[in-house]
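What follows is a single structure, written as structure tokens, with notes after it.
The values are calculated or read from the model by the stated rules, or taken from the named source; none is laboratory data. Worth saying up front: this structure is predicted, and the values here are computed from it rather than measured. Using ideal geometry, Cβ is built from the backbone for each residue, glycine included, and neighbour counts are taken over all protein chains shown.
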């Protein structure tokens, strides 16, 4: 890459992104190979580049009226006839001159790095947006958990807590219930369930009943022997119990569940 101009302090420096910069300092022969080091700055931001002129050109800067470079070649060195095919000529018009085509190609090549930069910025912005959203969701969950814990510790009114959560746009707390299953025949409590979430008593009781089940397994069958014919009967045994098998009986289970009581109490 040739360096054809003498770069001085305060010279204007252009960039492919359209921004204007200035040479803030030229350190003569400062690089190990004897090349000048150039510092480029932007007002309000300070130094944005430090290196040789060629390195600056490779990063999209241009000094004076020189053209922008692409892949270490000035744009004016590209062969327009090879870049623009016949089909492309037909697309943009047969009457477009080579000078106009040069402007089109120069714009496209100059815009290339800027498009890549913008794409990188968009990806980073999307990453930050997703991360911020996830962090915000975690924060909302923590707030709700703290409100629920405070309600339990200080016996706060659930309606008041929900009014606070609703103002913040957070999920509301549901009332919690304790469910009890009792056997009617002897009043024995056979099950207690705490922490059932439901909006009202009927919903809590329905939740308890829908998730409770009974199974009945028949373990033994009793046989009675009878004889009603003529003659004198002399029984060695008149009955027999068979307990060598199991059989599930859904009718017995259903009948048993009909003799259970379900109740709930708000916690």
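Summary of values
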read-out: Qualifying positions in region 31-60 - surrounded by fewer than 17 Cβ atoms within 10 Å (Cβ to Cβ), under 45 Å from the mean Cα position of the chain (by Cα) and in a loop (DSSP other than H, G, I, E, B); value: 43, 44, 45, 59
read-out: Residue within region 209-219 that is surrounded by 12 or more Cβ atoms within 10 Å (Cβ to Cβ) and closer than 30 Å to residue 159 by Cβ present; value: yes
read-out: Positions within region 167-212 being without any contact (Cβ under 8 Å) to a residue 12 or more places away in the chain and at negative phi, in sequence order; value: 167, 172, 186, 188, 189, 202, 203, 206, 210, 211
read-out: Residues of region 164-186 that turn out to be in a strand (DSSP E or B) and either within 15 Å of residue 197 (Cβ to Cβ) or not assigned by TED's automatic domain parsing to the domain that holds residue 211 (or both), as a count; value: 4
read-out: Of residues in region 157-173 being within 16 Å of residue 267 (Cβ to Cβ) and exposed (fewer than 15 other Cβ atoms within 10 Å of the Cβ), the one nearest to the chain's Cα centre (by Cα); value: 159
read-out: Selection count where residues are assigned to a loop (DSSP other than H, G, I, E, B) and surrounded by 11 or more Cβ atoms within 10 Å (Cβ to Cβ), scope region 234-258; value: 2
